[in-house]
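The values are calculated or read from the model by the stated rules, or taken from the named source; none is laboratory data. What you see is a predicted model, and the numbers here were worked out from it, not measured in a lab. Positions of Cβ are backbone-derived with ideal geometry, glycine not excepted, and every protein chain shown enters the neighbour counts. Only protein heavy atoms, including side chains, enter the accessible area calculation; ligands, DNA and RNA are left aside. Shrake-Rupley method; radii C 1.70, N 1.55, O 1.52, S 1.80 Å.
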Amino acid sequence: MKKIIILLVLTFSAWLSQAQTATLKPGDPAPDFKLKNVDNKEVSFASFPKAKGFIVVFTCNTCPYAIAYEQRIIDLDKKFRPQGYPVIAINPNDPEASTADTFNKMQDLAKEKKYPFPYLFDAGQKITDQYGAKRTPHIFIVSKTAKGNVIEYVGAIDNDPEGTKAEKTKYAEDAIAALQSNKKPAVTQTKEIGCTVKRKAKA
C-alpha cells in the first residue's frame, strides 16, 4: 500500500510539473506580470500604455543561443518599439542553477550591451511557468485587443540560430507585420530554439 501511495504521489508530481510548464498557445490570454527590471523598477504591460502589443522574449546571460540572438533582439526593439511593439526580456533561469544569471550579473550585461529594453528578473520562475517558456530564447508576440492581451505568435525569432544564412525567415518580424495590417500571422507557432531553462534540483 505504501508503495502505491508513493507511486501516486510521484505520478501526480510529474503531472503537476508538466502542467506548470505547458507552453501557452496562440490565441491564449497573455498573463500580465510585475517583475523587477535591471534598473530596480518594476515593469508590467501597463508600463507601456501606448503600446499596440509586446515582444516578450525569455532569454538569459549564458546560453550560446541567447548570446547569438542578443543583437537581433536589440534590433527588434529598435525597429518595432517606435511602431508600438516594444521588447520585454525576461530571464527565466534560476540563479542557483545558473550562477552567471544572477540579478547583479543581469545588471552588468544590460549595462555593457546598453539594452534599450527592460531585462526582468523572474524570482521563483513564476512567470516562466505561466507562459511555459522552455528555452532561451523563447519568444511570445502579444497584441492588445478589446478582450485583453492575447498571444499571437510563439516560438523562434527566425530560422537562423547560427546567424549564417543570407536569406532567413524572420518569424517574429513577419508576425508583427501581419498584425500591423490587421491580419493574423501566417505562421503562429514554430519550434523554439535554444538552451533549456535552468532549474535548481528538487530536494
Here are the criteria: (1) within 27 Å of residue 93 (Cα to Cα); (2) open to solvent by less than 50 Å² (accessible area, probe 1.4 Å). Tell me which single one residue 178 does not satisfy. (1)
Conditions: (1) of a type in the set (A, V, I, L, M); (2) within 17 Å of the chain's Cα centre (by Cα); (3) crowded, with 18+ Cβ neighbours inside 10 Å. Residue 51 meets all but one. Number of the miss? (2)
Take residue 155 and tell me if it is in contact with a strand residue (DSSP E or B) (Cβ under 7 Å, 6 or more places away or on another chain) and over 21 Å from residue 43 (Cα atoms). yes
Tell me, yes or no, whether the stretch 115-130 has at least one residue that is without any contact (Cβ under 8 Å) to a residue 60 or more places away in the chain, more than 30 Å from residue 181 (Cα to Cα) and touching a strand residue (DSSP E or B) at 6+ places or on another chain (Cβ under 7 Å). no
Pairs with Cβ under 8 Å, 6+ apart, first in the stretch 26-49 and farther than 27 Å from residue 184 by Cβ, second of a type in the set (S, T, N, Q): 34/44; 35/44; 38/107; 43/37
When you look at residue 77, is it assigned to a helix (DSSP H, G or I) and open to solvent by less than 40 Å² (accessible area, probe 1.4 Å), yes or no? yes
Report whether or not residue 30 is modelled with pLDDT of 95 or more, open to solvent by less than 40 Å² (accessible area, probe 1.4 Å) and farther than 22 Å from residue 102 by Cα. yes
Cβ pairs under 7 Å, 6+ apart, first in the stretch 160-188 and more than 17 Å from residue 85 (Cβ to Cβ), second of a type in the set (Lys, Arg): 160/168
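So that you can scan it fast, the table gives a plain yes or no per residue for (1) more than 13 Å from residue 157 (Cβ to Cβ); (2) touching a strand residue (DSSP E or B) at 6+ places or on another chain (Cβ under 9 Å); (3) assigned to a loop (DSSP other than H, G, I, E, B):
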site	(1), (2), (3)
57	no, yes, no
60	yes, yes, yes
65	no, yes, no
70	no, no, no
73	no, yes, no
Selection within the stretch 88-122 - part of a helix (DSSP H, G or I), open to solvent by 20 Å² or more (accessible area, probe 1.4 Å) and closer than 19 Å to residue 139 by Cα: none
Test: residue in the stretch 128-149 that is in a helix (DSSP H, G or I), modelled with pLDDT of 95 or more and open to solvent by 30 Å² or more (accessible area, probe 1.4 Å): yes
Is there a residue being buried (at least 22 other Cβ atoms within 10 Å of the Cβ), in contact with a helix residue (DSSP H, G or I) (Cβ under 7 Å, 6 or more places away or on another chain) and within 22 Å of residue 50 (Cα to Cα) anywhere in the stretch 162-172? yes
